[in-house]
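> For reference, the structure I am asking about is given below.
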Amino acid sequence: MEPEAGWGAAAAVAEPDYKPLAPGDDQELSSLGGFLRTLSAVLFRPVEFFQNLGREGWAGPTAFALIVSSVGIMGALFWQLLVLAPAGGNLGNVAGLLPFQGLGPGLLLAMMAAAPVLVLANLGVGGICWWGSVALVGAGRDFTPAWRIFCYAQAGMALGLIPFFGLLVAGIWVLALMYCGVKQVYGISAGASLGALAIYLALQVLLALTLLLLGLAGVLAGLGFLLLLG
């Protein structure tokens with residue numbers, strides 16, 4: 001039986017004093033206290049959390065990842081906007097320290113508004129890459145367990161609320177949680193867990209390069225079309 005009860009619910013019948021670390025995936029997000037307890041458990045007790053994590057259900061983890069990632073990204077954008085707006089968009093050498101260089105206040109606000117959509121797209125692409133990486137190291141081919149690990153690992157995005165350097169710290173923490181998750185849930189070796197993480201990062205780089213090349217090809221094709229019209 002999966003050792004998860006509800007968001008903030010007290011736990012199982014056999015152990016009335018046990019408090020589940022993860023929310024029940026068949027219930028809606030209804031308790032802020034349960035959500036924060038889950039967030040704290042993933043961030044600071046990841047080994048225990050992933051050891052008790054079941055393999056079924058995707059709605060709860062997806063909602064959890066969407067909330068945490070959206071808040072983290074909006075926090076990172078907010079800190080940059082807070083510095084950029086009083087300076088009139090001209091920060092000089094300080095701009096090199098910011099995660100979204102060259103973006104004006106208007107674009108930053110637009111990205112904050114679109115954060116949930118951007119997060120959903122990133123979760124979809126990243127989740128598929130993670131699933132493929134886990135399968136390639138022989139951990140398992142079922143999508144749901146890999147998806148649950150990936151979503152709960154997004155708890156690290158809460159560190160995006162740290163001013164200016166939050167996204168860098170958050171990205172490292174998310175990768176560390178993914179490593180811990182695949183190791184505990186699938187019971188594979190440290191080497192295999194690192195292998196899954198390395199494959200995942202390679203797939204992400206390959207995807208980014210592919211999109212860059214496709215964008216460049218599109219621009220060149222558009223220029224060529226304009227030249228033909230001229």
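The values are calculated or read from the model by the stated rules, or taken from the named source; none is laboratory data. Just so you know, these numbers come straight off a predicted model, no measurement behind them. Positions of Cβ are backbone-derived with ideal geometry, glycine not excepted, and every protein chain shown enters the neighbour counts. Each accessible area value is taken on the protein alone, full model and side chains, heavy atoms only, with ligands, DNA and RNA left out. Shrake-Rupley method; radii C 1.70, N 1.55, O 1.52, S 1.80 Å.
> Let me have the relative contact order for region 135-183, percent, based on Cα pairs under 8 Å that are six or more residues apart.
Values: 34 pairs, mean separation 16.8, N = 49.
Here the relative contact order equals 34 percent.
> So, one more: Between THR144 and ALA110, what's the calculated FRET efficiency when r is the beta-carbon distance and R0 is 35 Å? Round to 0.05. List each step's numbers first, then the result.
On the way: r = 34 Å, r/R0 = 0.97.
Efficiency at R0 = 35 Å is approximately 0.55.
> How large is ³J(HN,Hα), in whole Hz, for each residue of region 74-82 in order, when computed from phi with the Karplus curve 6.51 cos²θ - 1.76 cosθ + 1.60 and θ = phi - 60°, using x for Gly and Pro?
Here the 3J(HN,Hα) series is 5, x, 4, 5, 5, 4, 5, 5, 4 Hz.
> Along region 146-158, what does the Karplus equation 6.51 cos²θ - 1.76 cosθ + 1.60 (θ = phi - 60°) give for ³J(HN,Hα), rounded to whole Hz, x for Gly and Pro?
Whole-Hz 3J(HN,Hα) from phi for region 146-158: 5, 5, 4, 4, 4, 5, 5, 5, 5, 4, x, 5, 4.
> Could I ask something else about it? Please compute the length gained on full extension between VAL117 and ALA176, using 0.36 nm multiplied by the number of residues separating them and subtracting their Cα-Cα distance.
On the way: separation 59, 0.36 × 59 = 21.24 nm, distance 2.47 nm.
Length gained between VAL117 and ALA176: 18.8 nm.
> A follow-up question, please. In nm, what is the difference between 0.36 nm times the number of residues separating ILE128 and LEU206 and their Cα-Cα distance?
26.7 nm
> Given a 1.4 Å probe and heavy atoms of the protein chains only, how would you sort LEU201, LEU211, LEU39, largest accessible area at the top?
Working: LEU201 75, LEU211 110, LEU39 30 Å².
Output order, biggest surface exposure first: LEU211, LEU201, LEU39.
> Does anything in region 159-203 have its amide N under 15 Å from the 7 Å Cα→Cβ label point of PHE44, and if so which residues?
Residues 159 fall inside that zone.
> Taking the Cβ-Cβ separation of ALA198 and LEU228 as r and a Förster radius of 41 Å, what is the calculated FRET efficiency to the nearest 0.05?
On the way: r = 45 Å, r/R0 = 1.09.
With a Förster radius of 41 Å, E is 0.35.
> Let me have the relative contact order for region 124-230, percent, based on Cα pairs under 8 Å that are six or more residues apart. Intermediate values should be presented prior to the final figure.
Numbers: 83 pairs, mean separation 27.8, N = 107.
Dividing the mean separation by the residue count of region 124-230 yields 26 percent.
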